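The values are calculated or read from the model by the stated rules, or taken from the named source; none is laboratory data. No experiment lies behind these values; they were computed from the predicted model shown. Note: ideal-geometry Cβ built from the backbone for every residue, glycine included; neighbour counts use all protein chains shown.
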Amino acid sequence: MRFDRIRLRNFKPYGDADLSLSEGVTVIHGVNGSGKSSLLEACFFALYGSRALEGTLEDVVTNGAEETSVSLTFTHEGTTYRIDRELRVYDDRVDHRCTLETEAADGPARDGARAVREFVTELLRMDADAFVNCAYVRQGEVNKLINATPSQRQDTIDDLLQLGVLEEYRERAGEARLGVEDVRTAKRAVLEETESRIERFEDRDLHATLSELETELEEVTDEIDHYETQRETAERTREEAAAVLEEYEQKRETLAEVEDDVESLAETIREAEAEREDHRDSISDARDRIAEHRSSIDDLLAESDLETADAEAIERRRSELDEREADLREARTDAKTDATGYRNQARNLAEKADDLEDRAADARAEADDLEDRAQEAESAVEDHEARIAEIDAEIEELTDRFADADGVDLDRGEAADRLAERTADRADLRERIAELETELKNARDRVAEAEELLAAGKCPECGQPVADSPHANRIDEDRDRVAELEAELEAARDRLSDLEDEIETLEGLADAEDRIAELEAERERLVERIETRREEAADRREEAAAKRDRADELREEADSTREVAAAKREDAADADDRVETLEAELEAVTRRRERLATIESELESIADLEDRIERLEEKRDSLAELADERRDRLAEKRERRDELREAVDEDAIDDARSRKREAEEYLENVAETLQDLSDRRDELQTRIGGVTGDIETLESLRAERDELAETVAALDAVHEETRELESMYGDLRAELRRRNVRTLERMLNETFDLVYGNDAYSHIDLDGEYELTVYQKDGEPLEPEQLSGGERALFNLSLRCAIYRLLAEGIEGATPTPPLILDEPTVFLDSGHVARLVDLVEEMRGFGVRQIVIVSHDDELIGAADELVTVEKDPRSNRSTVSRTDAAAAGALIAESNDD
């Protein structure tokens, strides 16, 4: 895998940044706090989202910004991918959008933070934690693995090499084995219970019991059949007698019906005659009412200016009234329209006058507000002038510090550069002191060892007796060297104390320079504001005068508008009077039309009454014909009644009643007997069913027993398989770990030998539990914690690089890995150890690591770079920028640094 390009917008200290990365070694260089580590954190965040952050999503958004975006382009196994992440901060939440795309036409695409993270984890075969433990040595975590416990180190490396999956499989196999044991135990218990139930059923001899019950059931069934035959005979006798009685009852019912018909027909004839008399009275009443309606019409004709009450005259008169009404309504509408228009005009004019008055008041208020704002601007000018005086006094005081500084001769503007020079001198001096202390210790040890040999009579150079050695006087040179080193060390410490004092003074002067720059910038802003405020005050007073003039114009226009509104109200009153007159005329027209309608109603009533008389006369004729027909039917019904009275035989009826009673008594008695027999038969059938069910249950239990026996046997086999599988995964993990430990130990010693070859250390031992031991040249073992700070840092870097190599080469061939990323690896290293780190980087390149990214503010690492990325932060905007430089430019930078 290789990072190709990272683009940032509003990410931590970066406003906008766009950086391309290539294969080889890239050093990201810059002073502390410039934002170097943020570039790598952005790459890590692009891959794994919030899982890559130690804080929250809000923490990566630049202060003062509401959204941020990160875009990472990388190549993996020949395919190019691009991940885009966007964050938008709201009041109480952060909206996180993420997409992944590829240039391949049929390549995968993902949408959503979780989907992208899962895809990257699967693609690289490592999650965020594995990425940090394998390829990304973050700032301050260089000693992470050496400080970890053996179990933590074991878990970390096992997870990186996918051995944790084998442990997970072993645990799953163990859980499966326990689950099979639980199921097998349960099945065995069920099998034992099933066999016990089978024995209880077999002891009851169910088939013999079933045979006895079936014989008894057959006897009861035969007896039931006999009684049911006798019952059917009795039922037929009862039905025959009932038929005779039913026929008698039907004749009597028919007789009663015929007698009812005779009476009903006689009554109907009487009612028809009465109805004909009622119709005759209604006809007479209708003729009287027609006379009344004609009299009313004569009175209405006199009031309506009509000569005759015919439809043509009425319609002609109605047409005249309609035309008159239309004219009156049109005139009334016009009058109402005029009145409404005048009133609306008057109201609108009054509202306009009020609006003009309000606008005049607003203009006066705005003029007053402008006067106040002009006064505020003038007050602000006075405040700014007072602040400028304070700033001038403070600048003068700060400038005087440069003249008063003891032992420091420099002008304003030179403090920051001088401080950087003295800080670099202090670092060099501290390094020289450390070298002198080490060299002095070694010289003292040589003198002590030589004195011991001399005391024993041996030469300190070759160990031979003093009398035979030509080198006995070498100890004096070592003693002189000790004295020289002590003197040089004391002088260096004195110089360091002087540098510390000068640096402290320079830091105060550098702070004064920064403060003066801030004050001068503030003074310049205040001068600009004074001019702006003065112009603002003049503009506001001019606007206030214009507003007052406009208020006077609006007040005059309001008075004129109210006069026109009063005239419009008078016109509206005149129009209302015309409307009232026209409505009175319309009411008179309405009354005339109502009289015409009344005449028409009277004529319609006369026509309705004449129709009613005609209908009543037709009904009287119809009732007379119907009464004749009913008299003929009455005579026929009376003849039928007489015939039915002669057809009834009382002796046959008594005999049928006797036979029916005897049959019913037998049926009542036999029902109880049949019920007892039926209950007995049901009981026997129930018992037979129970025995049959028990037999079926016994057969089912036998089949279930056979099936359970097979299941238990199968579970025994599965249990054995899961036990073997659990053991296999455990053995496989142990074997793979042993092979990994052997390979990792070899790679670690190769790397460590490069770093510490021909030095005080012999080799490193890594046991099966990932316990680390360092051996000195004399074979003495050391724990890694016993190494010095720089040695521990290099030891950890060697271990991390060895793990990276092991993961890259794999157990069964090479596999693509992410770039090797080292974030501030020199934080615990002196200059000598930094040089060894450079050798380690070159060695990793030799092992085929395609891309190495190093973040450091140490100039010495630039020599190992193919490309140099420089990060700078603008102190005024607090924003960081990046720029790339190739290897040649990096070499020139190194040469320039060496010349300085």
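Within the stretch 353-387, the set of residues being farther than 16 Å from R534 by Cα and either among the hydrophobic types (A, V, I, L, M, F, W, C) or outside any helix (DSSP H, G or I) (or both) comprises A353, L356, A360, A361, A363, A365, A367. Residues that are of a type in the set (A, V, I, L, M) and under 30 Å from E216 (Cα atoms): does the stretch 709-723 have at least one? For the stretch 709-723, residues of a type in the set (A, V, I, L, M) and under 30 Å from E216 (Cα atoms): absent.
Of A573, A545, A551, all but one fail to be surrounded by 17 or more Cβ atoms within 10 Å (Cβ to Cβ) and part of a helix (DSSP H, G or I); the exception is A551.
Which count do you get for residues in the stretch 356-409 that are acidic (D, E) and over 54 Å from the mean Cα position of the chain (by Cα)? Even if it seems obvious, please write down each step before you answer.
Of the stretch 356-409, the ones acidic (D, E) are 357-358, 362, 366, 368-369, 371-372, 376, 378, 382-383, 385, 390, 392, 394, 396-397, 400, 404, 406, 409.
Restricting the remaining residues to those that are over 54 Å from the mean Cα position of the chain (by Cα) gives 357, 368, 371, 378, 382, 385, 390, 392, 394, 396-397, 400, 404, 406, 409.
Counting residues in the stretch 356-409 that are acidic (D, E) and over 54 Å from the mean Cα position of the chain (by Cα) gives 15.
Quick check, is L772 at pLDDT 80 or above and not basic (K, R)? Here the answer is no, as L772 does not meet what is asked.
Residues that are in contact with an Asp or Glu (Cβ under 9 Å, 6 or more places away or on another chain) and hydrophobic (A, V, I, L, M, F, W, C) were ranked within the stretch 425-441; the one that is farthest from R479 (Cα to Cα) is A434. Looking only at the stretch 202-232, residues that are among the charged types (D, E, K, R) and closer than 17 Å to G690 by Cβ come to 7 in all.
Would you say T711 is within 51 Å of the chain's Cα centre (by Cα), of a type in the set (V, I, T) and at pLDDT 80 or above? Yes: the conditions hold for T711. I'd like to check something: does the stretch 221-235 contain any residue that is touching a residue at least 40 places away in the same chain (Cβ under 8 Å), in contact with an Asp or Glu (Cβ under 9 Å, 6 or more places away or on another chain), aliphatic (A, V, I, L, M) and in a helix (DSSP H, G or I)? Within the stretch 221-235, one or more residues are touching a residue at least 40 places away in the same chain (Cβ under 8 Å), in contact with an Asp or Glu (Cβ under 9 Å, 6 or more places away or on another chain), aliphatic (A, V, I, L, M) and in a helix (DSSP H, G or I). Just one of (1) part of a helix (DSSP H, G or I); (2) touching a strand residue (DSSP E or B) at 6+ places or on another chain (Cβ under 6 Å) fails for T722. It is (2).
Residue-wise test of (1) in contact with a helix residue (DSSP H, G or I) (Cβ under 6 Å, 6 or more places away or on another chain); (2) surrounded by fewer than 16 Cβ atoms within 10 Å (Cβ to Cβ); (3) closer than 30 Å to V838 by Cβ.
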{"residue": "E721", "(1), (2), (3)": "no, yes, no"}
{"residue": "N749", "(1), (2), (3)": "no, no, yes"}
{"residue": "L754", "(1), (2), (3)": "yes, no, yes"}
{"residue": "Y761", "(1), (2), (3)": "no, no, yes"}
{"residue": "I764", "(1), (2), (3)": "yes, no, yes"}
{"residue": "D767", "(1), (2), (3)": "no, yes, no"}
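For S34, the criteria (1) modelled with pLDDT under 85; (2) on the phi > 0 side of the Ramachandran plot; (3) in contact with a Lys or Arg (Cβ under 6 Å, 6 or more places away or on another chain) hold in every case but one, which is (2). Is one or more of the residues making up the stretch 274-288 under 19 Å from R620 (Cβ atoms), part of a helix (DSSP H, G or I), of a type in the set (V, I, T) and touching a residue at least 60 places away in the same chain (Cβ under 8 Å)? Yes, that holds for at least one residue.
Among residues of the stretch 289-309 that are surrounded by 13 or more Cβ atoms within 10 Å (Cβ to Cβ), those with a beta-carbon under 6 Å from a residue that is acidic (D, E) and at pLDDT 70 or above at least six positions away or on a different chain give the pairs H293/E602; S296/E602; I297/E602.
Based on what the data block shows, is E535 loosely packed, with under 14 Cβ neighbours inside 10 Å, within 30 Å of E396 (Cα to Cα) and not β-branched (V, I, T)? In short, no.
Being more than 22 Å from N740 (Cα to Cα) and either within 58 Å of the chain's Cα centre (by Cα) or modelled with pLDDT of 75 or more (or both) narrows it down to one of R172, R125, so name that one. Can you show your working first?
Numbers: R125 fails: more than 22 Å from N740 (Cα to Cα).
Going through R172, R125 in turn, just one is more than 22 Å from N740 (Cα to Cα) and either within 58 Å of the chain's Cα centre (by Cα) or modelled with pLDDT of 75 or more (or both): R172.
Candidates D682, D694, D753, D778: the one that is without any contact (Cβ under 8 Å) to a residue 60 or more places away in the chain, assigned to a helix (DSSP H, G or I) and farther than 27 Å from T156 by Cα is D682.
If you check R738, R705, R733, which single one turns out to be touching a helix residue (DSSP H, G or I) at 6+ places or on another chain (Cβ under 6 Å) and modelled with pLDDT under 80? Quick ask: steps written out before the conclusion?
Details: R738 fails: touching a helix residue (DSSP H, G or I) at 6+ places or on another chain (Cβ under 6 Å); R705 fails: modelled with pLDDT under 80.
None of the other options fit; the residue is R733.
Among what's in the stretch 81-122 and is more than 20 Å from the chain's Cα centre (by Cα) and charged (D, E, K, R), pick the residue that is surrounded by the fewest Cβ atoms within 10 Å (Cβ to Cβ).
Kept after step one, since they are more than 20 Å from the chain's Cα centre (by Cα), are these residues of the stretch 81-122: 81-83, 101-109, 120-122.
Now drop any that are not charged (D, E, K, R), which leaves 82, 101, 103, 106, 122.
Working: R82: 17, E101: 16, E103: 11, D106: 5, E122: 10.
The selected residue is D106.
Among the conditions (1) surrounded by 12 or more Cβ atoms within 10 Å (Cβ to Cβ); (2) at pLDDT 75 or above, E580 misses just one, which is (1). Being under 30 Å from E542 (Cβ atoms) and free of Cβ contacts under 8 Å to residues at least 24 places away in the same chain is true of A386.
Check L840, L822, L868 and return the single one that is modelled with pLDDT of 75 or more, touching a Cys at 6+ places or on another chain (Cβ under 9 Å) and surrounded by 15 or more Cβ atoms within 10 Å (Cβ to Cβ). Sole residue among the options that is modelled with pLDDT of 75 or more, touching a Cys at 6+ places or on another chain (Cβ under 9 Å) and surrounded by 15 or more Cβ atoms within 10 Å (Cβ to Cβ): L840.
Taking (1) part of a strand (DSSP E or B); (2) in contact (Cβ under 8 Å) with a residue 12 or more places away in the chain; (3) not β-branched (V, I, T) in turn, S37 satisfies each apart from (1).
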